[in-house]
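Below is one structure, written out as structure tokens; comments come after it.
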Amino acid sequence: MVKAKKYVVKQYFEGLPKPEDYDIVEEVLEPIKAGGIVVKTEWISVDPYLRAYNRRSSVPYDQYSFQVGVVQESKNPDFPIGTRVVTHKGWRNYTVIYPKEASPEDTIYKLPDLRGLSNSLGVGAVGMPGATAYFGFLEICKPKPGETVVVTGAAGAVGSIVGQIAKIKGCKVIGFAGSDDKVQWLEKELGFDKAINYKTADVAKVLKEAAPNGVDCFFDNVGGDLSSAIIYQMNLYGRVSVCGSISAYNEDVHTSPKANILQPAIVAKQLKIEGFIVHRWRNQWPKAFSDIVQWIESGKLIAREHVTEGFDNILKAFVGMLNGENTGKAVVKV
Ligand SMILES: NC(=O)c1ccc[n+]([C@@H]2O[C@H](COP(=O)([O-])OP(=O)(O)OC[C@H]3O[C@@H](n4cnc5c(N)ncnc54)[C@H](OP(=O)(O)O)[C@@H]3O)[C@@H](O)[C@H]2O)c1
């Protein structure tokens, strides 16, 4: 008999998520039948979309997210005991899964070959966030060597990989992040040409100095005033990949900040602005994963993680990430 623990969202978040918004519920798992597996969770991901999508589900709902686990019991020859899997089962420590019956939202696939790197990368650089950086940047920005790339949320899971891929592709890279330590890390360790603390800098002025010839590609994780300032410095035929808008995720949906008018810049510079969801390229993720593992192995890409320990600290890790405490991918080891 396996007893599982899970986080259930019992009421909608107002501002930052709070302990009162969750219940931690225990349940006894049914014994598995043919085709089933029991997965023991090892790594849990905390991501901005868990906040952004909160009102898409009716409460109460089980807190989903990506996780890496190991098959502990199996009646499925495709997933023998010891197999590492990535699932979207979220904040829970044990799960019964019937892989053949899993819906696309459930997601279950075998952890890619990480060639000895930490399994936690399966929810980070070699998981959904890595695929987001890879396809969202390369497919939408279509960067050319020598072009100037700007990325916001630059020290986070997605942004830090976008910036490094841009360097690998021979671009000049400018990143915006929320602390001087992050700025140092981006410039000194990741090789960004320039990093800027958006909380303290005169953004438009510093960007003009860093990119005197304008911006060709902009990978936007943040939205709001920061994005508007950058869009007004784009070059003719610039490309903007709209990945997210974390600056507004904790805002009241009814009183979200109003954006500056952007149309003059979009029209005059004939910009292409495209949003995306990483699942668009779902069947190509393995290509991204194999390139990213290779880049990590060859020292071209650093996949830093911000690790929190303990099942009971998942909410703390989630809120910490929303507050910018993470450099690199925020993950929880359970
Ligand atoms: N479209 C897709 O398919 C897709 C897939 C994955 C992720 N995303 C999006 O990608 C973005 C980054 O996600 P991630 O997983 O890589 O998270 P992350 O960047 O690792 O963590 C979130 C970061 O957001 C920054 N932040 C928080 N509040 C902010 C604000 N008001 N203004 C500016 N920055 C703020 C914080 O860094 P600072 O210290 O720099 O403020 C924090 O570390 C999010 O917008 C997410 O929704 C989209």
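Every number in this text was worked out from the coordinates using simple rules, so none of it is lab data. Please read all numbers here as calculations on a predicted model, not as lab measurements. Quick reminder, even Gly has a Cβ in these numbers, built from the backbone with ideal geometry, and neighbours come from all protein chains shown.
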Do we have residue 281 as part of a helix (DSSP H, G or I) and out of contact with any Asp or Glu (no Cβ under 9 Å at 6 or more places or on another chain) here? no
When residues of the range 215-229 are filtered for being farther than 19 Å from residue 276 by Cα and not charged (D, E, K, R), how many remain? 3
Looking only at the range 298-316, which residues are touching a residue at least 12 places away in the same chain (Cβ under 8 Å) and either aliphatic (A, V, I, L, M) or closer than 23 Å to residue 130 by Cβ (or both)? 300, 301, 302, 303, 304, 305, 306, 307, 308, 309, 314, 315
Among the residues of the range 303-311, is there at least one that is within 15 Å of the ligand (Cβ to nearest atom), in contact with a strand residue (DSSP E or B) (Cβ under 7 Å, 6 or more places away or on another chain), closer than 22 Å to residue 47 by Cα and of a type in the set (S, T, N, Q)? yes
Residues located in the range 49-71, provided they are exposed (fewer than 15 other Cβ atoms within 10 Å of the Cβ) and part of a helix (DSSP H, G or I): 55, 56
Pairs with Cβ under 9 Å, 6+ apart, first in the range 317-334 and under 21 Å from residue 248 (Cβ atoms) and in a helix (DSSP H, G or I), second β-branched (Val, Ile, Thr) and more than 10 Å from the ligand (Cβ to nearest atom): 318/332; 320/308
Mind telling me which of the residues 201, 166, 154 ends up being part of a loop (DSSP other than H, G, I, E, B) and closer than 23 Å to residue 293 by Cα? 154
Taking residue 238, is it away from the ligand (no atom under 16 Å from the Cβ) and not in a helix (DSSP H, G or I)? yes
Would you check if residue 247 is assigned to a strand (DSSP E or B), touching a Gly at 6+ places or on another chain (Cβ under 6 Å) and within 11 Å of the ligand (Cβ to nearest atom)? no
